[in-house]
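Coordinate-derived values only; no laboratory data. Since the model is a prediction, treat every value here as computed from it, not as a measurement. Using ideal geometry, Cβ is built from the backbone for each residue, glycine included, and neighbour counts are taken over all protein chains shown.
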Amino acid sequence: MRRHSYFTIPALRAVALAAVFALSALLPLMPATAQAAKLPVVVSIVPLQYFVERIGGEFVDVSVMVQPGASPATYEPKPRQMAALSGAQLYFAIGVPFEEAWMPRIQAANPSMKVVNVDKGIHKLPMAEHHHEGEAKHEDAQGHGQEAPGHDMHDGHDHGGLDPHVWLSPMLMKHMADTVRKELGRADAEHATIFRTNYAELEKEIDALDRELMDIFEAIPQEKRVFMVFHPSWGYFAMNYSLKQVPIEYEGKEPTPRILKELMEEAAELNIRTIFVQPQFARKSAEAIATHIKGTVVVADPLAYDWFANLRDVAKNLAASFSK
């Protein structure tokens, strides 16, 4: 006896199509290992995260150690961050203070992870320090390639060691970004051409920004290019654009009443009307000086994510302060 078929040909086609659509809907839910795997990368600070993501694009998964609002000078990684290092393939270090204390533990958390010092080969400047009472002040303006920023005005002792804020110089950042590009290409040779293309575009943007910042400061007389900031993190930026930064903190701490009085007098003498502060530090001293000179306090964050927008905004705020 001939068996009766429960499905016609059109019905079978409909079932097959339904199965295809169901499988398509499940694909986004499949684990990452079944899709294109991203290169797991850890960086020390947020600006470096920005550059790794610009160069690596969709092929990198970047985690940052120093969280927004925290200071790289005193940061202590969370236990979950240390645990997460076990899955990382690359660690991009930039020479901030917390790394000096934590690097042995960072490397021990994942011995197979490659640690890349992007600041390798960069000549570091001494941290600018406020002068001691009785120390001489220099009058010469600082230009490109001259001595450490701040030391042209404050020939004091260097209690802060070397300045780690190299990422605030466009030319130094371009050099470090190229190191990132090379290391990503070594770790993921399949996408090395894409990394080169992304870096080439980034390089053009950095050069254009550098020219733009030069233009912002060009019309400002040299003697007016002086700004006061709590923590002297803008030394490399100041060196690039012939500026002078006057630090408020003294030996890494809030200034004493005597030093604070000196700073108030110096700010008035130099006709400074804007005091710059960072979100990572207290602003009590800066506000006291601003009140004394009838000036304002402006935030200049050296650790902002959008590096281009941040440097452009800081430059405009500095130029505006010089014109007051």
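Can you give me the distance in nm between label points at GLU223 and GLU58, each placed 7 Å from the Cα along the Cα-to-Cβ direction?
It works out to 5.8 nm between the two label points.
Could you state, as a whole-number percent, how many of the C-alpha pairs of the range 37-137 are farther apart than 18 Å?
51
List the residues of the range 300-318 whose backbone N lies under 20 Å from a point placed 7 Å from the Cα of GLU203 along the Cα-to-Cβ direction.
Under 20 Å, as judged by backbone N against the label point of GLU203, lie 308 of the range 300-318.
Could you work out the Rg to Rh ratio of the range 188-310, with Rh taken as the Kirkwood radius (inverse of the mean 1/r over all Cα pairs)?
Numbers: Rg = 18.2 Å, Rh = 16.5 Å.
Radius of gyration over Kirkwood radius for the range 188-310 works out to 1.10.
Dividing the Cα convex hull volume of the range 193-242 by residue count, how many Å³ per residue is that?
Hull volume over Cα atoms, normalised by residue count, gives 84 Å³.
Arrange the peptides 206-213, 231-238, 121-128, 78-85 so that the one whose residues have, on average, the most other Cβ atoms within 10 Å appears first. Each step should come with its number before you reach the end.
Numbers: 206-213: 16.0, 231-238: 25.4, 121-128: 17.8, 78-85: 13.5.
Averaged packing, sorted descending, gives the order 231-238, 121-128, 206-213, 78-85.
Say the cut-off is 22 Å between C-alpha atoms; which of LYS244/LYS324; LYS253/LYS316; LYS261/LYS284 go over it?
As for pairs spanning more than 22 Å Cα to Cα, those are LYS253/LYS316.
Return an integer: the convex hull volume of the alpha-carbon atoms of the range 231-273, in Å³ per residue.
In the range 231-273, the Cα hull volume divided by residue count equals 75 Å³.
Which parts of the range 90-111 would a label at LEU162 reach, counting a residue when its backbone N lies under 18 Å from a point 7 Å out along Cα-to-Cβ?
Hits in the range 90-111 for LEU162 at 18 Å: 92-104.
Looking at the range 262-316 from every direction and averaging, what is the projected area of its Cα convex hull in nm²?
4.0
In straight Cα distance, which lysines are under 23 Å from LYS38, not counting same-chain residues fewer than 8 positions off?
Result set, ordered by chain and number: LYS114, LYS182.
For ALA73 and GLU100 in one chain, what is 0.36 nm times their gap in residues minus the Cα-Cα distance, to one decimal in nm?
8.7 nm
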